Amino acid sequence: MSTSKRKLNLGMARFSGLYVWGIFIIIFAIWVPKYFLSMATASSIASGQVVTGVMAFAVMVPLIAGVFDLSVGSTAIMGSIFSVSFQTQYHMNMWLSIILTMLIGLVIGLVNGFVVVKLHVNSFIATLGMGSIVVALVTWECGGLQPLLPTSQTWGNLTQAFFGGGFQVVIFYLVALALFLWWVLSFTPAGRYLFAIGSNTDAARLSGVSVDFWIWTSLACSGFLAGFAGVLFSSQTGPSLSFGSGLLLPAFAAVFLGSTQLTPGRFNIWGTLLAIFVLATGVQGLQFVIQAPWLDGLFNGVALIAAVAFAVSRQRSEGRRKEVEQNQSISVESPSSFEEQPSIEIDESVAQDQGTI
Amino acid sequence: MATGLTPNSDGMAAGTTSTNGVVPALAVTSVSKTFSGNRVLSNVSMTLESGEIRMLLGGNGSGKSTFIKILSGYHHKDDGGEIRIGGEILPDLNPHAAHHLGARFVHQDLGLIQDSSILDNMFMTGKFPARFGTVDARKAKQLTNASLEQVGLDLDVRTLIRDLSPVQKTGVAIARAIGLSDSNPIRLLVLDEPTATLPAAEVHQLLATVRRVADSGVAVIYVTHRFDEVFELPSRVTILRGGSEVLTTDSATLTREELVGHIVGSEVLAVVENTTTTFDTHAEPVLEVEDLQTPLVNGLTFRVHPGEILGFSGVTGSGRELINSAVFGATTRLGGVVTCAGVQVKANRPDLAIAAGIAFVPADRKIHGGFMNLSARENISISGLKSFWKFPRINRSTESHDALNWFQRLAVRPAGAISAALGSFSGGNQQKVIMGKWMRLGPKVMLFEEPTQGVDVGAKAEIYRQFAEASASGSALVVSSADVDELVAVCHRVLVLRHGHIVEELTGRELTVANVTRASLVDSSEDLANGVHP
C-alpha cells in the first residue's frame, strides 16, 4: 500500500543529481553559450575528472566497510612520482614501472590494513599518519625534486591519445574500472561482505564474515587504486608532489554525494560518477562566468557537507516513518541497563587478547 | 521534594472546565492518529483520576506507543481529539507544555548516565541548586535524598548509576521524573515498559515503587508486555489492539487467558503446550561444553542432545547471559572446551563455530543481530552467500526465492517484503528474519539469547513454533532467557545458574516456574558463606 508512494518519492530523490546536472547545463548553455557549449569543454570536463574518479573509487571501497582511507592522496603522489622516476632515473621499462608503482600502492594499503586490523588503530588516525609517512618517504627518495618526464611519446599517449570525437582515451579507463568495481560490489560475495561490515561490524562477525580479512583487503584495494590514480595523473599532467591532498576532498565529496543518488543510503559507483560530473560541470560553468581559482574548493566543500546533511536528514525522516509504520515501542530491543556492564568489559578483554597475541 | 507531589486539588489550574469539581489528572477524548492514510490510533479515550494506576497493554502495532508519543509531544494527533492534563488542554508537538502541565515520562532506556552519580543524574535534566554560581552541594544532596525517599529508595547519592541494580536504576529514573519539580505539581507519570529488562525478582520492588508514587496522588500509566504484573498490581487495565481500545476493566475481573485473548484478538495464539516435542535421550550429545570459563562463569559443563531444548535461567549477574555467546565465540571464552558433533570449536571464532554447525541469535538485534539498513534478503543470505554464487554473479533470483521461502515458513510480516530494510520491520519480525538467516544453514545447534525480548505475543507464538520444528528436525537448542515462563513452556530441561554455577537441573514435572524462580533466587549469602566465589 505504501510501496507505490514510496517508489514515487524515491524517483525524485534518487535521480535528483541528474536533474541538477540538467539544470546546470541549461543555465550555462544560456549564460555563456560560446564557451560552454563546445566539444572542448565537454572533453575537458570528462578527462579532467578521471583522476578524481579513480581517487573516489579508492576512497569508496574501504568506506563501504566503514573504514576511512585518508592516505589515498599521498599514495597518489607516490604513484605520480615513482611511475616517472622508475623510467627516467632507473631506466625501467614503462609497463614495468607502472606495475611496480601500483604494487607499491598495494603495499601501502597492506600496511594501512596491518595498522588498522592488527594494531587496532582507528582507521582515520592510521591512514592520516600513513599518508604523512608516505609523502615524507617519497620526498626523501626523489630529493624533493620532481623527476624528469620520459621523452617518449607513449607515456603521454597512454592517457592523452584521442579516440572517437575528441575524447581522451583515459575516460575509457575510468569507465572500465567503474564497470569492474560495480560488478565486484554488486554481484559478488565480496561486495556483500563489505556492505555487511559497514552496516554492522559485530553482526557481520557473528554471521561468520571474516571482518579483519575484508577490511584489510579493502584497504589494499584502496592503495592499489590510489597508486593507479597517481600513474594516470603523471601521464596526463606530469609528476607532482602536491596534487594528491587536493584531490582528497573532491573524492570524499563525490562518494558521499553519490551515496544520496541511485540507491540512496548506499555508497555506489554510478552515483559517485554522477556526483563527480555534476560538480565538475557546475565548477567549469562558473569558471567561465567568474574566473576565480577558489571556486573549486568552495564548490566541493559545500557539496560534501550538503551531501552528508542530506543523507542524515533522509535517514532521520525514514527512521521516523519506520516508527510510524510499525508503531514499535521505543527501543524495545535495547536491553540497555540489563547487560551493558558485562558486555563492555568483555569487549575490552577481547581487544586485549588480540593485542597481546 | 514534597511540594512536587501536591495533591491535584490544590494545584488546580485556571482554565479548568470541569463540572463536578474533581478534575481528572488526564482526560483523553477520542484521539486518533493517521500516518499517510493509515490509521494507527482511532478514537481512543481515557480518563485517569489522580492516584490511579492504569496498565496499558497491547501487542506491537496496537497503537500504545503512538498514544504515548502523542502524550509526550513527539507526534501530532489528528484533528478532533482532545487531551487535557489537570484540566488544561495539551497542545500538540509540545514536550515543554506536557512537562509544564505536570506530565513525566520514563522510557525503557531510562536515560541515565552510567558513569555519573545518582546526584549528578538527578540534576542533569534540570538545574543544580546554586549559590553564587557554584553548585550548592548540601542542598543538592538534600533534594536528591528527598526524591529518592519518595520512591522508597535508600541509597547514597554519590553511588554511580553503573553500580546500581537494574531495579534501582529504574527507581532513580522515576525519582528524577517526579521529584525536584519546579512549582508545578506532578499529575501524570508514564512508564513505558519499565520492566522489559528487569529480572522477575526485581519486578516486585518496582511495582511497590509504582504503588507508592500513585498513593502520593500521581496518576500512572504503565505500559507493559508482561502479564503477571497486571495481576500483581491491582489496577485498571486498558487493552489496545489495532489502534482501538478493546477493553478497559479492573484487573481483578480478568483471567490470564482472557487477557491474552483480548491482546491477540481473533488471531489464533498457538498455545505453547502442544509445541513440546520429544527427543532421544540415548543419542550421542551433539554439543558438549566442558569447564567453560567466562568473566562471570567459572567452570561450567553441560551437554545437549539432538532435538533437545535446553534452557538457562538465572538472575542478572549469575553469568547466564554470557554462556551462549561464549560458546559461540561472540564474547570472550577464557577457558574450556566446546565440541559440536565431534569437532572442537576454538574460542572467540564465530566463523569456525558456524562451520561446525552452531548458530547464535543474540539478544540485541540492533547491535549484534542484524544489518538494519540492508534488505531482509541480504540479511538472510549473508550466512551462506557461497550457495548463491556462481561466476560471474550472485544469483539474485535463487537468493530471493530462498528469502521468500523463509518469509513464508516464519510468517514474517509484511509478507514478501524481502527488499525492505531490516530496520523497517517490527521487533518480532526482525527476530524471525534473523532466525531465517540461521535456519537456512540447517544448524546442528542453535543458541538463543533472550529470543523473545521486545517481541509481541503473536510473533512469540511463531518463534516457539519454530523452536518445536527445529527440535523435531533434530537440531539441539539452547535457550537463555530472563523470562521463566518462556523457559518452562518451551524447554525439555532447564539449568539454573547462580553466581556462575549451575545450582539446579530441572526436567519433567519438576520443571515449573516456581521451582526455577526459587532455584535462581535462594539466599545468595548462603553461597558466600560456603566459600563459593561470587
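The values are calculated or read from the model by the stated rules, or taken from the named source; none is laboratory data. Predicted model, so just to flag it, every value in this text is computed and none were measured. Neighbour counts run over all protein chains shown; Cβ positions are idealised from the backbone, glycine included. Side chains are part of the model used for accessible areas, which takes the heavy atoms of the whole protein and leaves out ligands, DNA and RNA. Shrake-Rupley method; radii C 1.70, N 1.55, O 1.52, S 1.80 Å.
Before moving on, here are some points about what is shown:
- Only one entry in B:Leu160, B:Leu153 is over 17 Å from B:His107 (Cα atoms), surrounded by 13 or more Cβ atoms within 10 Å (Cβ to Cβ) and either touching a Gly at 6+ places or on another chain (Cβ under 7 Å) or not assigned by TED's automatic domain parsing to the domain that holds B:Leu198 (or both), namely B:Leu153.
- Checking each residue in the stretch B:316-351 for being of a type in the set (Lys, Arg) and outside any helix (DSSP H, G or I) picks out B:Arg333, B:Lys346, B:Arg349.
- Test: residue in the stretch B:240-250 that is out of contact with any Pro (no Cβ under 9 Å at 6 or more places or on another chain), at pLDDT below 85 and at negative phi: yes
- Segments classed as strands (runs of 3 or more DSSP E), wholly inside the stretch B:33-128, with at least 1 members that are on the phi > 0 side of the Ramachandran plot: B:38-48
- Pairs with Cβ under 7 Å, 6+ apart, first in the stretch B:370-386 and at the interface with chain A (Cβ under 9 Å from one of its Cβ atoms), second open to solvent by 10 Å² or more (accessible area, probe 1.4 Å) and of a type in the set (Asp, Glu): B:Phe371/B:Glu378; B:Ser381/B:Asp402
- Among residues of the stretch B:67-85 being in contact (Cβ under 8 Å) with a residue 60 or more places away in the chain and closer than 15 Å to B:Ala25 by Cβ, the one that is farthest from the other protein chains (Cβ to nearest Cβ) is B:Arg84.
- No other residue among A:Val134, A:Val209, A:Val184 is more than 18 Å from the chain's Cα centre (by Cα), at pLDDT 90 or above, of a type outside the set (D, E, K, R) and in a helix (DSSP H, G or I) apart from A:Val134.
- Filtering the stretch B:228-261 to residues that are within 8 Å of B:Leu57 (Cβ to Cβ) and not in a strand (DSSP E or B) leaves B:Val230, B:Leu259.
- Residue match in the stretch B:103-119 (condition: among the hydroxyl-bearing types (Ser, Thr, Tyr) and open to solvent by 50 Å² or more (accessible area, probe 1.4 Å)): no
- Total residues in the stretch B:342-368 satisfying the condition of being facing chain A (nearest Cβ under 9 Å), β-branched (Val, Ile, Thr) and farther than 18 Å from A:Ser199 by Cα: the figure is 1.
- Yes/no for B:Val190 being within 14 Å of chain A (Cβ to nearest Cβ), at negative phi and among the hydrophobic types (A, V, I, L, M, F, W, C): yes
- Conditions (1) part of a helix (DSSP H, G or I); (2) of a type outside the set (D, E, K, R); (3) open to solvent by less than 10 Å² (accessible area, probe 1.4 Å); (4) closer than 19 Å to A:Ala204 by Cα; number of the one not met by B:Ala359: (1)
- Some residue of the stretch B:370-380 being surrounded by fewer than 23 Cβ atoms within 10 Å (Cβ to Cβ) and within 23 Å of B:Leu310 (Cβ to Cβ): no
The rows are residues; the columns are (1) under 9 Å from the mean Cα position of the chain (by Cα); (2) open to solvent by 10 Å² or more (accessible area, probe 1.4 Å); (3) under 30 Å from A:Ile290 (Cβ atoms).
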residue: A:Val50; (1), (2), (3): no, no, yes
residue: A:Ala56; (1), (2), (3): yes, no, yes
residue: A:Pro62; (1), (2), (3): yes, no, no
residue: A:Ser74; (1), (2), (3): no, yes, no
residue: A:Ile77; (1), (2), (3): no, no, no
residue: A:Ile81; (1), (2), (3): no, no, no
residue: A:Val84; (1), (2), (3): no, no, no
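- Residue list for the stretch A:192-246, filter: free of Cβ contacts under 8 Å to residues at least 24 places away in the same chain and away from chain B (no Cβ under 14 Å): A:Thr237
- Qualifying position, being open to solvent by 20 Å² or more (accessible area, probe 1.4 Å), among the hydroxyl-bearing types (Ser, Thr, Tyr) and closer than 25 Å to A:Leu100 by Cβ, among A:Thr263, A:Thr201, A:Thr217: A:Thr217
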